[in-house]
Structure formats: C-alpha cells, structure tokens
Amino acid sequence: MVAPMWSLVMIFFFLAPLRTDALSSNYYDKTCPKLEETVRSAVKQAMASDKTASAALLRMHFHDCFIRGCDGSVLLNSVGTNTAEKDGPPNVSLHAFYIIDNAKEAIEAICPGVVSCADILALAARDAVALSGGPDWEVPKGRKDGRVSRATDTRQLPAPTFNFSQLSQSFSQRGLSGEDLVALSGGHTLGFSHCSSFQNRIHNFDSTHDVDPTLNPSFAGSLKNVCPAHNKAKNAGSTMDPSSTTFDNTYFKLLLQGKSLFSSDQALLTSSKTKSLVSKFASSQQAFHDAFAKSMVKMSSLTSGQEVRRKCGKVN
C-alpha cells in the first residue's frame with residue numbers, strides 16, 4: 001500500500017454507527033450484472049499505463065474505510081468552505097481518482113443510479129490486488145455513499161510513526177483484530193513512500209541514536225542517501241519493497257531482516273502474537289494471501305452511507 005498513510009495524532013473514535021448486515025455478494029446480480037467486469041476493465045486499463053495505480057487504489061480504499069466506514073467519502077471534492085478528506089494532510093498524496101471516475105462513468109451508462117461509488121472503490125481495490133498477483137475474493141456489495149467528508153477527520157487514520165499500542169487501538173476500534181492488523185499491513189508490499197513517512201527512523205531517532213537501532217545498518221544507509229537530513233526534494237523516497245508492483249510476501253521477509261520503512265511496520269515485531277504472524281506470512285505467501293483477503297472483506301464491510309451518487313466527486 002503506497003505511503004505516507006498518515007499523520008501522528010492521538011486516536012479518537014468519531015465513526016458514525018456502522019452497518020455490516022446490508023451487504024451481499026449478489027446485490028447487483030439483477031440490477032447491474034456487468035458491474036464487476038466493468039470495474040475490472042477500468043482498473044486493468046489504468047494499470048497498463050500507470051504502475052502506481054494498484055497501490056493507489058488499495059490505499060484509497062483503506063483511507064475511505066477507516067473514516068465512518070467504507071462510504072466513498074474519500075472521493076468527495078472540497079466545496080466552498082468545507083475541506084474534504086482527500087485534501088487533509090494524510091491524504092494529499094492520494095491519487096488515481098480518475099480510475100474510479102472512469103469506472104463510475106462506464107457503469108452509469110449501463111446501470112444509471114444503481115451502483116454506489118463506495119462499492120466501485122471496494123471492487124477496484126480488490127481488482128488492483130488480484131491483477132498485481134495477489135489474492136482474489138468475493139466482495140460483499142450494497143454499500144451506500146456518504147454525504148460528509150471533512151479533512152479534520154483524517155486525524156483518525158493510523159500514522160506510520162505509530163507504536164503497537166496505538167495501532168492496536170486504531171484497529172480494534174473498528175472491530176479489527178491483531179491478525180487483521182498484520183495481514184492488512186502486508187498491503188505495504190505495494191507502492192512508494194515519501195521520505196517524510198520514515199524520516200523519524202533515519203535522522204535524530206532519539207537522544208542516543210541518530211538512526212533507529214532496529215534498522216539494518218546498510219538499509220538505513222541507503223535510506224539516508226535518498227533522504228538526507230532536511231531533504232527538500234518533493235518526490236524523494238523509497239519503494240515499499242523491491243517488488244513494489246507485485247502483491248507478494250516480500251514485505252514480511254524484509255521486516256524480519258530489519259528492512260521495513262515505517263515505525264508502524266517495526267511495531268508488529270514488538271508483540272509476540274503479531275511477530276509470530278509476521279513469521280508465518282514471511283514463510284508462506286499463501287497464508288498471507290488467505291489472511292489478507294479475509295481481513296479485506298472484514299474491513300470493507302463496515303459502512304454507513306445514505307445514497308448512491310451519480311458522480312463520485314460530489315453528493316447528489
């Protein structure tokens with residue numbers, strides 16, 4: 001999952017009441033039978049020319065679901081005096097909204113007013129993973145789109161600097177377990193991170209260490225080369241792992257070698273339970289894929305929207 005995901009704050013739980021009972025795998029079988037093939041076609045077309053598309057869609061979906069559930073609020077544009085989620089500090093590097101807009105336009109042409117933008121995003125994230133060599137899974141459908149999107153709410157997103165306690169709190173408040181935390185963190189196998197998300201680990205780490213001592217020294221050195229202190233290069237950073245366009249278990253192997261980017265990644269090794277899961281997923285890509293698919297269904301089934309938008313960037 002492409003980073004930086006977030007900014008460091010205390011987590012408060014401001015989510016609206018969430019529903020999971022209204023979703024079903026066959027929700028659109030009669031009203032829009034070509035939905036899934038239409039979305040996958042849009043994602044596949046984008047990925048053919050945009051190597052960042054898969055990570056962008058997965059991250060976008062995650063950021064949507066962690067604020068009021070998966071209601072497409074991350075897709076809304078800022079209007080008037082309201083600054084929307086997509087323009088909040090943790091989300092300014094989100095991109096590839098055009099893929100969702102293209103899919104929505106194609107779907108509106110065949111099933112007008114039927115399919116929510118939230119469902120399109122959930123399907124697109126699944127397709128991005130599957131088309132990158134990851135697992136495929138049945139996406140429960142029937143989400144509605146939300147009408148509220150506030151940049152201030154992005155403070156609820158977990159930060160790359162979070163420790164294990166902060167991560168656990170963030171996930172548990174959304175009904176997600178320690179296994180979900182580890183599995184979903186595996187999404188970091190895709191994409192690119194800007195220096196700002198791991199700068200804390202390679203410069204002035206604490207009063208006695210310039211570099212986080214849990215980092216592999218040679219890996220830390222390579223990061224310092226691309227992200228020097230007081231770096232001002234806008235697009236400087238590092239791929240999440242060497243196979244950053246392939247959804248594999250390399251992330252977990254590197255984590256055990258001290259070659260993860262974020263403090264929040266390293267935090268997974270500070271609990272015996274989550275460390276054992278890291279080891280399990282590092283040794284078995286199939287186990288990771290199975291757990292990731294299960295956790296994605298669980299996360300994406302949290303929803304609280306009210307309408308089906310005609311355009312994903314604005315309410316009806």
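The values are calculated or read from the model by the stated rules, or taken from the named source; none is laboratory data. Just so you know, these numbers come straight off a predicted model, no measurement behind them. Neighbour counts are summed over all protein chains in view; Cβ atoms, including those assigned to glycine, are modelled from backbone coordinates with ideal geometry. In case anyone asks, the SASA skips ligands and DNA or RNA and just uses the protein heavy atoms, side chains included. Shrake-Rupley method; radii C 1.70, N 1.55, O 1.52, S 1.80 Å.
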In the stretch 281-316, what residues are of a type in the set (A, V, I, L, M) and part of a helix (DSSP H, G or I)? ALA282, ALA287, ALA291, ALA293, MET296, VAL297, MET299
Within the stretch 66-92, can you find the residues that are more than 12 Å from the chain's Cα centre (by Cα), part of a helix (DSSP H, G or I) and crowded, with 22+ Cβ neighbours inside 10 Å? SER73, LEU75, GLU85, LYS86
Keeping to the stretch 114-172, report how many residues are within 28 Å of ALA287 (Cα to Cα), among the charged types (D, E, K, R) and either out of contact with any strand residue (DSSP E or B) (no Cβ under 9 Å at 6 or more places or on another chain) or open to solvent by 40 Å² or more (accessible area, probe 1.4 Å) (or both). 4
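What helices (runs of 4 or more DSSP H), lying completely within the stretch 125-219, carry at least 3 residues that are among the hydrophobic types (A, V, I, L, M, F, W, C), modelled with pLDDT of 95 or more and under 25 Å from VAL278 (Cα atoms)? So that I can check it myself, show each step before the final result.
Values: elements: 164-172, 178-185, 199-202.
Answer list for the stretch 125-219: 164-172, 178-185.
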Only one residue in PRO242, PRO228 is part of a loop (DSSP other than H, G, I, E, B) and over 20 Å from the mean Cα position of the chain (by Cα). Which one? PRO228
What are the residue pairs meeting all of these: first residue in the stretch 31-50, first residue open to solvent by 90 Å² or more (accessible area, probe 1.4 Å), second residue β-branched (Val, Ile, Thr), Cβ atoms under 9 Å, and 6 or more apart or on different chains? LYS34/ILE107; LYS34/ILE110; GLN45/ILE99
Flagged in the stretch 93-105 as farther than 30 Å from CYS195 by Cα and open to solvent by less than 40 Å² (accessible area, probe 1.4 Å), in numbering order, are ALA103, LYS104
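Do we have ASP87 as modelled with pLDDT of 95 or more and not hydrophobic (A, V, I, L, M, F, W, C) here?
Working: modelled with pLDDT of 95 or more: yes; not hydrophobic (A, V, I, L, M, F, W, C): yes.
When the stated conditions are applied, ASP87 passes them.
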So which residues in the stretch 261-280 are open to solvent by less than 30 Å² (accessible area, probe 1.4 Å), hydrophobic (A, V, I, L, M, F, W, C) and part of a helix (DSSP H, G or I), if there are any at all? ALA267, LEU268, LEU277, VAL278
Picked from the stretch 286-300 (must be of a type in the set (A, V, I, L, M) and under 18 Å from LEU131 (Cα atoms)), the residue surrounded by the most Cβ atoms within 10 Å (Cβ to Cβ) is MET296
Residue that is under 30 Å from ASN102 (Cβ atoms) and in contact with a Phe, Trp or Tyr (Cβ under 6 Å, 6 or more places away or on another chain), where the choices are ALA267, ALA293: ALA293
